[in-house]
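What follows is a short report on a single structure.
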Amino acid sequence: MFSSTSLLYAVFTTAFFASAWAGKTTSVSDWGDNPSKLPEMLVYTPDKIAEKPAIIVALHPCGGTGRMYMGMTPLPSLADKLGFVILYPTSNAQQGMNCWDANTAKSLTHNGGGDSQGIAGMAVWALKTYNGDASKVFLVGDSSGAMESNVMAATYPELFAGAASYSGVPAACWAGSPISTPMSSDLSCPLGEKASTYTQKQWGDLARGCYPGYNGTRPKMMIVHGTADTAVVISLLKAQLDQWSDVLGVTFSKNVSDDPIKNWKKVVYGDGTKLVGYEVQGGGHMPAFQGEETLKFFGLM
């Protein structure tokens, strides 16, 4: 779910691009609610923070850290232009390989005491600290971070307005596995075995079960997946789209070729404002992050 090549690239790009970023990076270890004892988050603030800024929580893949993930997307440069605040949490070592907890009942339950509650606490802290816009709190993530983005959208729908999942799995797909890492003895989730047995409604029920009784607005979802991904197989694209189309009450409307770039097929549900997928032809694990397209979907550009 994460390669050493990607890690080396991220370390290099973080060091290279940081000099071009106009803003400031601050380490925060005490944001309040943190039952699973996540070690820290880095907060990137542009020189000119917008009045009531949007907040983006950016979740790293397995093997990574918040600092590493800063170099994997163009978000800091876009924050410099648009004035939003970015949170880069770092997972703890309980999962091994620095993966996020996407499997335990604690993390798969609203206020259940897992990683999801600590991440939600970060977003709440940022809203208060920077006088943020509560209607513009978003998630992005790659691999394990994408999996956790789905978890967060299901467990805290009242807090997040949208999420972008790059090579992820549906919320609660990992439920019942001992750990949600490549070292797990149960890889039926990322290898697509569950995707072939669950119906659209069953996937939707799994997401709704993360916050029983919730009847409010649900986050919009952007789902990206490569057809040649062997770590988290392509059938998980459909599984995620099945889950969120059921939860959001939208149906497939059309495909658009070469959108936003060549070999990316956009899969549109409804009018495209609540749910879109991207099938990357020939793409492997963690396709190139499309910063502007992601922010357009969030309504920030």
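Every number in this text was worked out from the coordinates using simple rules, so none of it is lab data. Just so it is clear, the model here is predicted, and its values are computed rather than measured. Don't worry about glycine lacking a Cβ; one is built from the backbone with ideal geometry, like all the others, and counts go over all protein chains shown.
Placing +1 on the Cβ of every Lys and Arg and -1 on the Cβ of every Asp and Glu, with nothing else charged, gives region 4-298 a dipole about its Cα centre of roughly 340 debye. If you compute semi-axes √(5λ) of the Cα gyration tensor in Å for the structure shown, which of (1) 25, 21, 20; (2) 33, 22, 18; (3) 43, 24, 16 do you land on? Comparing each candidate, only (1) matches the computed number. Of the trypsin sites (Lys or Arg not before Pro) found in region 183-268, the ones in coil according to DSSP and having at most 11 other Cβ atoms within 10 Å of their Cβ are K262. Computed over the chain with a Gaussian network model linking Cα atoms closer than 10 Å, the most mobile of V140, V151, V268 is V268.
Taking 4.7 Å between C-beta atoms as the pairing limit, the chain has these partnerless cysteines: C210.
For S29, what charge total do you get from the other residues with a beta carbon under 15 Å from its beta carbon, if Lys and Arg give +1 and Asp and Glu give -1?
Around S29, the charge tally is -1.
Just want to confirm a number: the relative contact order over region 13-164, from Cα pairs under 8 angstrom separated by 6+ residues, in percent.
Values: 345 pairs, mean separation 41.6, N = 152.
Value for region 13-164: 27 percent.
Dipole of region 78-197 computed with +1 at Lys/Arg Cβ and -1 at Asp/Glu Cβ about the Cα centre; of W125, Y166, S91, farthest Cα towards the positive end is W125. Sequence-distant contacts, meaning Cα pairs under 8 Å at least 6 residues apart, place the relative contact order of region 134-219 at 32 percent. Could you tell me what percent of the DSSP beta bridges with both partners in region 19-165 are antiparallel, to the nearest 5? Bridges in region 19-165 are about 45 percent antiparallel. As a length-normalised measure over Cα pairs under 8 Å and 6 or more apart, the relative contact order of region 4-298 settles at 15 percent.
Within 10 Å of each residue's Cβ, count the other Cβ atoms and sort C99, C189 from fewest upward.
Fewest to most other Cβ atoms nearby, the residues stand as C189, C99.
Taking GluC sites (Glu not before Pro) as exposed when DSSP calls them loop and at most 16 other C-beta atoms lie within 10 angstrom, the chain has its longest site-free stretch at 194-301.
Within region 4-298, antiparallel bridges make up roughly 45 percent of the DSSP beta bridges whose residues both belong there.
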